[in-house]
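*Asks:* Please find one structure pasted underneath; my questions will follow.
The values are calculated or read from the model by the stated rules, or taken from the named source; none is laboratory data. Given the structure is predicted, the values throughout are model-derived calculations rather than measurements. In this analysis, Cβ positions are derived from the backbone assuming ideal geometry, glycine residues included, and neighbour counts consider all displayed protein chains. For the accessible areas, the whole protein counts, side chains as well, though only heavy atoms, and no ligand, DNA or RNA atoms are used. Shrake-Rupley method; radii C 1.70, N 1.55, O 1.52, S 1.80 Å.
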Amino acid sequence: MNRTFAGRLLPFLFILAALALHLRLAGGPDGAIGAHRLLDTDSYTRLLRVEQLWQGGGWWDNTVTRMGAPEGMPLHWTRPLDLLILGPAMVAAALGVPQPQALWWSGMLICPVLHIIACLLAVWAARALWSREVSWFAGIMLLAQPIVLAYGAVGRADHHVLILLCAVVLLGAALRAAMSVERHGMALLAGAAGALGVWVGPEALLVVVPILAAFGLLFVAGRDEGAALAAQGLRIAIGFTGGIALALAVDVEPARWLTAEHDRVSIVHLGLGLAMTFVFAGSLLLDRLLVRRTSEKRRVWRRIVVGALFSVVALAALALAFPGFEKASLSFTDPDMQAVIGRIKEMQPFDLRQVVGWSDLLSQVGGIALTVLWLPFALVGKGEGPARRAIVVLLATALMTLVAGLEFRRFIVEFAAAGTVASAGLLAAAGRVLAGLRWLPRIAGLALVTLGMALIVPLAGLALPGREQVRREACDLSQLVAALNGVRSPELQGPDDPIVLSDDINAGPRIAYETAFRTVAGPYHRGSASLHDALAVFSATDPQAVLTVLRRRDVDYIAVCLVAGGGILRRLDPGYLNGHLLAANAPEFLEFVPIQSNLVQSLALFRVRPAIETPR
């Protein structure tokens, strides 16, 4: 009875502890609540997108009108996270909360809520393999995982944590489907969760693909249950395909159902689902037809040939129908956009050739990286049986997502799903090793493992020599917003607001959200046209070329950071305008705008003279 009561109380204690952690971090001087700001560029863009929908914007309209001015900024995002932000905001507004505050707080709090739910689901996923008590370690590790904790913080309205939640459900259901071939519903749930993840963002394929590959491997290596495991893989593929079809029907305009888009859910992903269904269905059917015509000794080779045959046909069909389908959201090739995206920390690799790379790896990935070293030993130690099949699925997922995360840091979020579930098994293994000790040293040993993975490994990374200092923004965006609000009240915000061009591409979304100005460029690969024009302004060597772009874009103001380093656009390609503005020698078509005295050392604001005012 006491154990049952403790088991029911534990989730509530975990939720309270998680909430306390998030609120403590948010209340600090650099936290979202303490500084009253969202934590990143994407969060402001997300709220602009949701606000536009709430105010009557088209459901299928993926252009943010206040960015990429004057035509708007096209995005590749989808609607699931929008609805999760909009729903609570609409409820709050119905209860009397002003609409701007309702939307702001819903965006501020959505990611920590999703993070905590994902932690609880990680406990559920780990229970497929390990005991109820040990499985809570998976939740603790996912709560403490540094990159996930950053993405899940108060003040982020970001889709990565929602992808993580889907990945955890996908993994937990897939583990159960591998352990028990009679659990058909778990296989279908895994496929549906994978489809929802891809609907949110195609990087969820990093979890879908290795799980299905693992079921293919189990089909090849399996004995009596090989065919049944292939049938489970088929159910996952069917669930995935059905989920993608639903996503297309809901989130894609019917006129674009046949348009291939690699960076958001589209017919490309429906084709991928059909291809995976074809591979498993064809392999299963042909295996059953040939089962009586070949000996048991040749079964493995028969299945290898059959699986390889159908896989090659499916991959060839995908490559012909959708060239470059394997690149997903990384399919953009614009060199200017690649230069901008390449400067974003989350898109950079861990350079393990240098000490700083190991420092970042340990401090940002944490102790869950150790699970990849332990899982092969766990696989060997399990022998034949359901648990070994599940560990094959877990190992395949952990390996693929970790490799992707080493190349692009943001994919560590996907690795966290497998890494934290595996960490519960690592703790269980440590418990078995320490089982012969007395209770006090045994508990001390388990506590050391727990603290080591959750805290000591990240802290060790921070302590390594040569670690880079965190570079703060060259100019505080809060100051830029204050300067613009001093020129024009934010209460005047409307669809025809003046357009401001900043030399910091990351400033655009916040300016558009918090001021009565529209902006030009933003760090989004579908907005490369506005990026090209912004770069053309700051890199031009001819003042007339600058003026031509400003007139075409209807730019009314230019904001420049005067601090060493400046905005990212000027750092990429400094040119004519850069030198003249920093030297306070503006060309004749620009007029200096006075701003608050406490801001003049770091910022400069110029008005673009209308054509009629420009001296000849």
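*Asks:* Below 14 angstrom from the Cβ of VAL208, what's the summed charge of the other residues (Lys, Arg +1; Asp, Glu -1)?
*Replies:* -2
*Asks:* Given N residues in the range 490-565, what is its alpha carbon radius of gyration divided by 2.2 N^0.38 Å?
*Replies:* Taking the Cα Rg and dividing by 2.2 N^0.38 Å, one obtains 1.09.
*Asks:* Just want the answer: with Cβ charges of +1 for Lys and Arg and -1 for Asp and Glu, which residue in TRP199, TYR513, LEU272 is farthest toward the dipole's positive end in the chain?
*Replies:* Value: LEU272.
*Asks:* Moving on. Do any trypsin sites (Lys or Arg not before Pro) in the range 332-418 lie in a DSSP loop with no more than 13 other beta carbon atoms within 10 Å, and if so, which?
*Replies:* ARG353
*Asks:* Still on this model: For the range 297-402, with equal point scatterers placed on the C-alpha atoms only and solvent neglected, what are the log10 I(q)/I(0) values from the Debye formula at q = 0.19 1/Å, to two decimals?
*Replies:* Taking Cα atoms of the range 297-402 as identical point scatterers yields -1.11.
*Asks:* If you take the square roots of the eigenvalues of the alpha-carbon gyration tensor of the range 68-136 and sort them as a ≥ b ≥ c, do you get rounded (a/c under 1.5), prolate (a/b over b/c) or oblate?
*Replies:* oblate
*Asks:* Something else now. Sorted by packing (mean other beta-carbon atoms within 10 Å per residue), highest first, where do 187-200, 66-79 land?
*Replies:* Highest mean packing first, the order is 187-200, 66-79.
*Asks:* Whole number in Å², please: accessible area per residue of the range 96-154, 1.4 Å probe, ligands, DNA and RNA not counted.
*Replies:* Accessible area per residue, the range 96-154: 32 Å².
*Asks:* Let me ask something additional. Along the positive direction of the dipole of the chain (beta-carbon charges: Lys, Arg +1; Asp, Glu -1; about the Cα centre), which of MET337, PHE325, VAL546 reaches farthest?
*Replies:* PHE325
*Asks:* Then there's this: Among LEU605, ALA559, LEU47, whose Cα projects farthest towards the positive end of the dipole of the chain, with charges put on the beta-carbon of Lys, Arg (+1) and Asp, Glu (-1)?
*Replies:* Ranked along the dipole, the leading option is LEU47.
*Asks:* List the trypsin sites (Lys or Arg not before Pro) within the range 201-291 that fall in a DSSP loop (any state other than H, G, I, E or B) and whose Cβ has at most 10 other Cβ atoms within 10 Å.
*Replies:* Passing both the DSSP loop test and the Cβ count: ARG223.
*Asks:* Hey, another quick one. As a test, work out the antiparallel percent of DSSP beta bridges whose residues both lie in the chain, rounded to the nearest 5.
*Replies:* For the chain, the DSSP antiparallel bridge percentage is about 70.
*Asks:* Sticking with this structure for a sec: How big is the dipole moment of the chain about its Cα centre under a simple scheme where the beta carbon of each Lys and Arg is +1, that of each Asp and Glu is -1, and everything else is neutral? Debye, nearest 20, please.
*Replies:* 2720 debye
*Asks:* If packing is taken as the mean number of other Cβ atoms within 10 Å per residue, what is the order of 21-31, 212-222, highest first?
*Replies:* Descending mean neighbour count gives 212-222, 21-31.
*Asks:* In whole Hz, with x marking every Gly and Pro, tabulate ³J(HN,Hα) for the range 136-150 from phi via Karplus 6.51 cos²θ - 1.76 cosθ + 1.60, θ = phi - 60°.
*Replies:* Working through the residues one at a time gives 5, 5, 4, x, 5, 5, 6, 5, 8, 4, x, 5, 5, 4, 5 Hz.
*Asks:* Taking 30 Å as R0, compute the FRET efficiency from the Cβ-Cβ separation of GLN601 and ALA339 and round it to 0.05.
*Replies:* 0.55
*Asks:* Something else about it: Label the range 136-188 by shape, choosing from rounded, prolate and oblate, from the square roots a ≥ b ≥ c of the eigenvalues of the Cα gyration tensor; if a/c is under 1.5 it is rounded, and otherwise prolate applies when a/b is larger than b/c, oblate when it is not.
*Replies:* Oblate is the answer for the range 136-188, as a/c is 1.5 or above yet b/c matches or exceeds a/b.
*Asks:* Evaluate the relative contact order of the chain (contact order divided by residue number), counting alpha-carbon pairs under 8 angstrom at least 6 apart; express in whole percent.
*Replies:* Relative CO of the chain lands at 15 percent.
*Asks:* Now, a different point. Is the C-alpha gyration tensor of the range 12-102 telling us rounded, prolate or oblate? Criteria: a/c under 1.5 is rounded; beyond that, a/b larger than b/c is prolate, otherwise oblate.
*Replies:* Since a/c reaches 1.5 and a/b is larger than b/c, the shape of the range 12-102 is classed as prolate.
*Asks:* Just one of (i) 182; (ii) 166; (iii) 228 is volume of the Cα convex hull per residue in Å³ calculated from these coordinates, so which is it?
*Replies:* After the calculation, the listed value that fits is (i).
*Asks:* Next up: Averaged per residue, what accessible area in Å² does the range 166-219 show with a 1.4 Å probe, protein chains only?
*Replies:* It amounts to 24 Å² per residue over the range 166-219.
*Asks:* Report in % the part of the accessible area of the range 501-550 that belongs to carbon and sulfur, leaving out ligands and nucleic acids; probe 1.4 Å.
*Replies:* 51 percent
*Asks:* Then there is this: Which order do the peptides 309-318, 436-445, 155-164, 526-535 come out in when sorted by mean C-beta neighbours inside 10 angstrom, highest first?
*Replies:* The most tightly packed comes first, giving 155-164, 526-535, 309-318, 436-445.
*Asks:* Now for a separate question. What nm value, rounded to one decimal, do you get for the distance between LEU492 and ALA435 when each label is placed 7 Å out toward the C-beta?
*Replies:* If labels sit at LEU492 and ALA435, their model points lie 7.5 nm apart.
*Asks:* Let me ask you something else. Solvent-accessible area of HIS36, probe 1.4 Å, all protein chains present, reported in Å² to the nearest ten, please.
*Replies:* 110 Å²
*Asks:* How far is helix 2-26 tilted, in degrees, relative to the longest principal axis of the Cα atoms in the chain, given as a value from 0 to 90 rounded to the nearest 10?
*Replies:* The answer is roughly 20 degrees.
*Asks:* What's the carbon and sulfur percent of the range 88-156's accessible surface, probe 1.4 angstrom, rounded to a whole number?
*Replies:* Ligands and nucleic acids excluded, carbon and sulfur reach 73 percent.
*Asks:* Something else about it: List the residues whose amide H sits under 5 Å from the amide H of ILE499, counting only those 5 or more places along or on another chain, with H placed 1.01 Å from N in the peptide plane.
*Replies:* ARG518, ASP556, TYR557
*Asks:* What figure, in Å² to the nearest 10, do you get for the accessible area of GLU225 with a 1.4 Å probe and non-protein molecules left out?
*Replies:* About 70 Å², ignoring ligands and nucleic acids.
*Asks:* Now for a separate question. Please list, in order along the range 309-317, the HN-Hα scalar couplings obtained from phi with the Karplus expression 6.51 cos²θ - 1.76 cosθ + 1.60 (θ = phi - 60°), rounded to whole Hz, x for Gly and Pro.
*Replies:* Here the 3J(HN,Hα) series is 4, 5, 5, 4, 4, 5, 5, 5, 5 Hz.
*Asks:* Let me ask something else. Once amide H atoms are placed 1.01 Å from N in the peptide plane, what residues at a sequence separation of 5 or more from ALA69, or on another chain, have their amide H within under 5 Å of its amide H?
*Replies:* When sequence neighbours closer than 5 places are left aside, the close amide H contacts are THR519, VAL520.
*Asks:* Tell me the accessible surface of MET90 in square angstrom (1.4 angstrom probe, heavy atoms of protein chains only), to the nearest ten.
*Replies:* 90 Å²
*Asks:* Can you list the cysteines of the chain that have no other Cys Cβ under 4.7 Å away?
*Replies:* CYS111, CYS119, CYS166
*Asks:* Can you list which of the chymotrypsin sites (Phe, Trp or Tyr not before Pro) found in the range 1-70 are DSSP loop residues with at most 14 other C-beta atoms within 10 Å?
*Replies:* TRP59, TRP60
*Asks:* Something else now. Where the centre of each part is set by its Cα atoms, how far does the range 483-551 sit from the range 374-432, in angstrom?
*Replies:* Comparing the Cα centres of the range 483-551 and the range 374-432, I get a distance of 46 Å.
*Asks:* Quick check on the chain: helices-only [θ] at 222 nm, where DSSP H runs of length 4 and up contribute -39,500 (n - 2.57) each and the sum goes over total residues. Nearest 500, please.
*Replies:* So the calculated ellipticity at 222 nm is -20000 deg cm²/dmol.
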